[in-house]
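To keep things clear, I will list the structure first and then write my remarks on it.
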Amino acid sequence: MLLMDEPTRGIDVGTKAEIYRLIRELAAGGTTVVAVSSELPELIGMSDRVLIMHEGRISGEVAALEADEEVLLAYCYGKADSHDHDA
């Protein structure tokens, strides 16, 4: 398992692309990757599913194919029904 916290914060675009490639390679090889990021496009682009927390609890789980910034932000602020976008 690989746990990452803000894996690309402060990194230039070219280096980000390389990090994303390495993460995808690890995941394809069977490594579980858990990433914490405040960059919603990053989460959407590299995740199979996104779990969102609000006030210390998981407020939603969204399959990456269904995820967009509006949906994720609604969960972040506790304004979405967790049954609307179950993965």
Report task. Test Val62 against the stated conditions and say whether it is outside the structural domain of Ala74 (by TED's automatic domain parsing), at pLDDT 90 or above and assigned to a strand (DSSP E or B). Result -> no
**Report entry** Subset of region 67-78 (residues that are free of Cβ contacts under 8 Å to residues at least 24 places away in the same chain and either among the β-branched types (Val, Ile, Thr) or under 14 Å from Gly45 (Cβ atoms) (or both))
**Finding:** Val71
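Being small (Gly, Ala, Ser) and modelled with pLDDT of 95 or more narrows it down to one of Gly29, Gly10, Gly78, so name that one. Full working, then the answer.
Working: Gly10 fails: modelled with pLDDT of 95 or more; Gly78 fails: modelled with pLDDT of 95 or more.
Among Gly29, Gly10, Gly78, only Gly29 is small (Gly, Ala, Ser) and modelled with pLDDT of 95 or more.
The values are calculated or read from the model by the stated rules, or taken from the named source; none is laboratory data. Since the model is a prediction, treat every value here as computed from it, not as a measurement. Positions of Cβ are backbone-derived with ideal geometry, glycine not excepted, and every protein chain shown enters the neighbour counts.
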